[in-house]
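Before any comments, here is the structure.
The values are calculated or read from the model by the stated rules, or taken from the named source; none is laboratory data. These numbers were taken from a predicted model, which means no experiment stands behind them. Note that we place each Cβ from the backbone using ideal geometry, even for glycine, and neighbour counts take in every protein chain shown.
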Amino acid sequence: MRLLVTYGLICGQMLFGLSKVGIAVKVSGAVKIIAAETDVENSLTPGKPLNSEDRITTGNNSFTAIMYLDDKTLIKVMENSELTIRGSRDGYGINKELDIAFGKLSAKIAKQKGKEFRISTPTSVASVKGTDLLISSDPIQGDSFVLITGIIEVTNSITGETTQVNEGETATSTPDGSLDVTETTEEDLEGFLESDEGTEGDIQELRFEIEDDNGNIKQIIIQIN
């Protein structure tokens, strides 16, 4: 999946308002959203604005890509996964959190410029500043955090033990309290490389507006294929 983002300064009202924290930029297969405001389940569609506390689930052979509005941080939620997207505005940025119930995702996280980005699972909490990483979470077997670029800190929620994970390393955190860091292997990448197969297709274009750090309104054009 390739993402092209372009900007253009415009005048006017911000399209989504300050209550929105993200947007669905691509959807394939059976993807559902349980809206925080109504607790009603509906199909997720491209261009759908996302509020904090919205819950997203993906079925077999399905995925979605979602993007935070302030900095283009992109999250790809893979098949048979469930997560809750969270965000609180701080000035013109968003403090972000992903709460993963189970499943796999890949994340391309922009540098947070003093903002927080936390990823939580039933077993672990990760603190992220800006990185590319792959995450697999299972409430019974535990979590793996594969670092492609950047640095993160992972804490095992059972013991409170914390470790730093660097580029090319994989952290494994389990419900029995263990927390280990090893060099990333091909086995660590299984299930992630396959998920990119078959996701190419016709180019989709989405246009929407966000507010930048200086309070200017910008139009974003996203092309994905």
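Exactly one of (1) under 22 Å from residue 82 (Cβ atoms); (2) modelled with pLDDT of 95 or more is unmet by residue 160. Its number?
For residue 160, the exception is condition (1).
Look at residue 37 and say whether it is acidic (Asp, Glu) and at pLDDT below 90.
Yes.
So residue 74 ticks every box in (1) at positive phi; (2) touching a residue at least 60 places away in the same chain (Cβ under 8 Å) but one. Which box is left unticked?
(1)
Which ones in segment 58-84 are among the polar types (S, T, N, Q), over 13 Å from the mean Cα position of the chain (by Cα) and buried (at least 16 other Cβ atoms within 10 Å of the Cβ)?
58, 62, listed by residue number.
Output the residues belonging to segment 57-71 that are without any contact (Cβ under 8 Å) to a residue 60 or more places away in the chain and part of a strand (DSSP E or B).
57, 58, 64, 66, 68
Can you tell me which residue within segment 101-122, out of those that are out of contact with any Phe, Trp or Tyr (no Cβ under 7 Å at 6 or more places or on another chain) and crowded, with 24+ Cβ neighbours inside 10 Å, is farthest from residue 81 (Cα to Cα)?
The qualifying residue farthest from residue 81 (Cα to Cα) is 117.
Go through 185, 149 for me and flag whichever is within 19 Å of the chain's Cα centre (by Cα), modelled with pLDDT of 65 or more, at negative phi and surrounded by fewer than 16 Cβ atoms within 10 Å (Cβ to Cβ).
That would be 149, the only listed residue that is within 19 Å of the chain's Cα centre (by Cα), modelled with pLDDT of 65 or more, at negative phi and surrounded by fewer than 16 Cβ atoms within 10 Å (Cβ to Cβ).
Take residue 46 and tell me if it is over 12 Å from the mean Cα position of the chain (by Cα), assigned to a loop (DSSP other than H, G, I, E, B) and modelled with pLDDT under 95.
Taking the combined requirement at face value, the residue satisfies it.
Tell me yes or no: at least one residue of segment 75-83 is of a type in the set (D, E, K, R), part of a strand (DSSP E or B) and within 23 Å of residue 191 (Cα to Cα).
Within segment 75-83, one or more residues are of a type in the set (D, E, K, R), part of a strand (DSSP E or B) and within 23 Å of residue 191 (Cα to Cα).
Test each condition in (1) in a strand (DSSP E or B); (2) β-branched (Val, Ile, Thr); (3) more than 23 Å from residue 191 (Cβ to Cβ) for residue 38 and report the one that comes out false.
The single condition residue 38 does not satisfy is (1).
Those residues that are without any contact (Cβ under 8 Å) to a residue 40 or more places away in the chain, touching a Lys or Arg at 6+ places or on another chain (Cβ under 8 Å) and surrounded by 17 or more Cβ atoms within 10 Å (Cβ to Cβ), I need them from segment 35-52; list them, please.
Within segment 35-52, 44, 50, 51, 52 meet the criteria.
If I go through segment 152-161 residue by residue, how many of them are farther than 14 Å from residue 135 by Cα and either under 18 Å from the mean Cα position of the chain (by Cα) or exposed (fewer than 13 other Cβ atoms within 10 Å of the Cβ) (or both)?
2
Select from segment 128-144 the residues that are surrounded by fewer than 19 Cβ atoms within 10 Å (Cβ to Cβ), assigned to a strand (DSSP E or B) and more than 13 Å from the chain's Cα centre (by Cα) and list them in ascending order. Don't jump to the end; show me each part of the working.
Residues of segment 128-144 that are surrounded by fewer than 19 Cβ atoms within 10 Å (Cβ to Cβ), as a first pass: 129-130, 132, 138-141.
Imposing the further condition that a residue be assigned to a strand (DSSP E or B) reduces the set to 132, 138.
Residue satisfying the conditions is 138 alone.
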